[in-house]
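Note sheet for the following structure.
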Amino acid sequence: CSAEAGPTCLPKNRDTEKKKRSRVKQVLSDVKKQVEFWFGDANLHKDRFLKKLIDESGDGYVDLSVLTSFNRMQKLTTDTKLIARALKNSSVVEVNLEGNKVRRQLPIGDPPNDVDSRTVYVELLPKDVTHSWIERVFTKCGNVVYVSIPRYKSTGDAKGFAFVEFEKEEQAQKAIEMLNNPPEDAPRKPGIFPKTKSGKPIPLPADNPPTGTPNSHEQKKSCMCLTTLKEI
């Protein structure tokens, strides 16, 4: 804006600042959610690397710089001050006075013995399926506490199946019922339960894939079949 423009520039500046604050707010929320997941019981019972760091630390603290080395955090931010800010009001973790380390607020519990009955095995997924898409779909059935998508080391593509752990066994059973026998009015959109035809899952819509743009052959194969690990 030029000096002659005067007050006419103010609305644009305000809009820009508003959008910037909105983006920062979203990043803070995403960072908090990610760190709380990493330090949650469901993940720490499986994440040997992070569990080892916590056990060897003596006081349970992990340096925030370690978190910035994780791929998912790098996609959000590598600013440790921003991470510390995001965790300020967390009910799961706490940041030290220096603002450079984080730890759980409560000791980790014993490994549960009902994980298999709370975990759903999903197959026939597209190779570009994401954690966020799976969470969107299954959150409709209950609280999703852990998602594992095995991938090929050479390409990073998903192997076509995933494991979804729920907080409660009845939620896993609901997911199986809803995905294998969804209601007739269920819209066919990513994040919404796909319909079935004659009891068999049908592909996700070709004009609205979950992420990316897989080719038509892959889209035709992309459907979801479910069972709990206990039944395998």
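The values are calculated or read from the model by the stated rules, or taken from the named source; none is laboratory data. Source: prediction; values computed, not measured. As a convention, Cβ positions derive from the backbone with ideal geometry for all residues, glycine included, and neighbour counts pool all protein chains shown. With ligands, DNA and RNA removed, areas are computed over all heavy atoms of the protein, side chains included. Shrake-Rupley method; radii C 1.70, N 1.55, O 1.52, S 1.80 Å.
Side notes on the structure shown:
- Where a residue in the range 40-58 is touching a residue at least 24 places away in the same chain (Cβ under 8 Å) and its partner, wherever it lies, is part of a loop (DSSP other than H, G, I, E, B), with Cβ under 7 Å and at least six apart: Gly40/Val92; Asp41/Ile108; Asp41/Gly109; Leu44/Ile108; His45/Pro111; Ile54/Gly60
- When every residue of the range 174-191 is checked against the conditions, at least one turns out to be modelled with pLDDT of 55 or more, of a type outside the set (D, E, K, R), part of a loop (DSSP other than H, G, I, E, B) and open to solvent by less than 70 Å² (accessible area, probe 1.4 Å).
- Within the range 26-62, if we keep just the residues that are under 21 Å from the mean Cα position of the chain (by Cα), acidic (Asp, Glu) and open to solvent by 50 Å² or more (accessible area, probe 1.4 Å), the residue that is farthest from Thr77 (Cα to Cα) turns out to be Asp41.
- Any chance Ala42 is over 22 Å from His131 (Cα atoms), in contact with a strand residue (DSSP E or B) (Cβ under 9 Å, 6 or more places away or on another chain) and assigned to a helix (DSSP H, G or I): no
- Meets criteria (open to solvent by 40 Å² or more (accessible area, probe 1.4 Å), among the acidic types (Asp, Glu), out of contact with any helix residue (DSSP H, G or I) (no Cβ under 7 Å at 6 or more places or on another chain) and not in a strand (DSSP E or B)) for Glu94: no
- Single condition Gly99 does not satisfy, out of (1) open to solvent by 40 Å² or more (accessible area, probe 1.4 Å); (2) part of a loop (DSSP other than H, G, I, E, B); (3) more than 30 Å from Asn113 (Cβ to Cβ); (4) at pLDDT 90 or above: (1)
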